[in-house]
Amino acid sequence: MASLILAHMTSMTHFLRFELLLNITSQSSMVYWRIELIQKERKYSMLIPTIIMGVITVILLIIGYQKGGMHITGLKSALEMIIQIFPLLILSFVTAGMVQVLLPSELLSQWIGTESGLKGILIGTVAGGLSPGGPYVSLPIAAGLLSAGASIGTMVAFLTSWSLWAVSRLPMEIGILGWKFTLIRLASTFLFPPIAGLIAQTFFSNLK
C-alpha cells in the first residue's frame, strides 16, 4: 500500500514539474512572440517616413541643381556631417539593439512597461533628464526601449525630460545665460515631462 502511495506521489510530482515547465515555456514563447510582433510593426512603420524623406530629398536636389549647382555644395555639407556623426550614430544604434536583446521583457514591463504606470513615467523622466549626448544618442535608445516593450508614456516622458531638463547641458547654460535664468527655466518646465508622459499613456497607449 505504501509503495502504491509513493508511486502515485512520484507520478504526481513528475506531472506537476512537467506542467510547470510547459507553463514557463508557454510564457517565454508569448514574450518572444510579442517582441517580434512589435519589431515587425516598427519595421513597417518606418517605411512611410523613409519614402517621404526620399521624395523631399529628390525635390531639394532638383531645386539645387536648377540654381546653378548648389546641390553639390549641399551634398558636400551632408558628407561632412555624416563623417562627424557616423561613429556616434553607429554606437547609439548598437546600444539600442543591445538594449532590446539583453534587458528581460519581464523587467522592462515591471519598471517602464505599460503595467508600470506612474512609476515607469517617473523613471523615464529622471532617466531622460540625466541622459547625456544629443538626439543621436537619446533617440536610438528610446527607439530600442520602445521595441523592447517600454510604454509610450514612459518614452514621451524620457524624451521630454531629455529636451527640457538636460542636466548634462546645465553647466554650459549657467555659464552662458546665468544661474537665475537657468533656475527660472527649470522651474517653469519641471512638471512638463511627467505630465506629457501621463497624457501620452492615457490617450495614446494603444497607438504604439
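The values are calculated or read from the model by the stated rules, or taken from the named source; none is laboratory data. The model shown is predicted, which means the values in this text are computed figures rather than measured ones. Neighbour counts are summed over all protein chains in view; Cβ atoms, including those assigned to glycine, are modelled from backbone coordinates with ideal geometry.
Please give the number of the condition Glu19 fails out of (1) more than 19 Å from Leu146 (Cα to Cα); (2) at pLDDT 60 or above; (3) out of contact with any Phe, Trp or Tyr (no Cβ under 7 Å at 6 or more places or on another chain).
Result: Glu19 fails condition (2) only.
As an exercise: evaluate Ile83 against (1) of a type outside the set (Phe, Trp, Tyr); (2) over 30 Å from Ser147 (Cα atoms); (3) exposed (fewer than 10 other Cβ atoms within 10 Å of the Cβ); (4) at pLDDT 55 or above and give the number of the one condition it does not meet.
Ile83 satisfies every listed condition except (2).
Please determine whether any residue of segment 39-49 is touching a helix residue (DSSP H, G or I) at 6+ places or on another chain (Cβ under 6 Å), modelled with pLDDT of 80 or more and surrounded by 10 or more Cβ atoms within 10 Å (Cβ to Cβ).
Checked against the condition, which is being touching a helix residue (DSSP H, G or I) at 6+ places or on another chain (Cβ under 6 Å), modelled with pLDDT of 80 or more and surrounded by 10 or more Cβ atoms within 10 Å (Cβ to Cβ), segment 39-49 yields no hits at all.
Limited to segment 106-160, what total is found for residues that are at pLDDT below 75 and of a type in the set (D, E, K, R)?
Of the residues in that region, 2 qualify.
For the condition in contact with a Gly (Cβ under 7 Å, 6 or more places away or on another chain) and closer than 24 Å to Leu89 by Cβ, what is the one hit in Thr154, Thr125?
On the way: Thr125 fails: closer than 24 Å to Leu89 by Cβ.
Just a single option satisfies the conditions, and that option is Thr154.
Every residue, every condition in (1) among the β-branched types (Val, Ile, Thr); (2) over 20 Å from Met98 (Cβ atoms); (3) out of contact with any Cys (no Cβ under 7 Å at 6 or more places or on another chain), yes or no:
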{"site": "Ile123", "(1), (2), (3)": "yes, no, yes"}
{"site": "Leu139", "(1), (2), (3)": "no, no, yes"}
{"site": "Ala150", "(1), (2), (3)": "no, no, yes"}
{"site": "Thr154", "(1), (2), (3)": "yes, no, yes"}
{"site": "Thr160", "(1), (2), (3)": "yes, yes, yes"}
{"site": "Ser168", "(1), (2), (3)": "no, yes, yes"}
{"site": "Pro171", "(1), (2), (3)": "no, yes, yes"}
{"site": "Ala187", "(1), (2), (3)": "no, yes, yes"}
{"site": "Ala196", "(1), (2), (3)": "no, yes, yes"}
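Conditions: (1) among the small types (Gly, Ala, Ser); (2) under 20 Å from Leu91 (Cβ atoms); (3) crowded, with 18+ Cβ neighbours inside 10 Å. Ala200 meets all but one. Number of the miss?
Evaluating Ala200 over (1) among the small types (Gly, Ala, Ser); (2) under 20 Å from Leu91 (Cβ atoms); (3) crowded, with 18+ Cβ neighbours inside 10 Å leaves (2) as the failure.
Could you say which residue among Leu177, Leu146 is exposed (fewer than 15 other Cβ atoms within 10 Å of the Cβ) and either touching a Pro at 6+ places or on another chain (Cβ under 6 Å) or within 29 Å of Ile85 (Cα to Cα) (or both)?
Selected residue: Leu177, the only one of Leu177, Leu146 that is exposed (fewer than 15 other Cβ atoms within 10 Å of the Cβ) and either touching a Pro at 6+ places or on another chain (Cβ under 6 Å) or within 29 Å of Ile85 (Cα to Cα) (or both).
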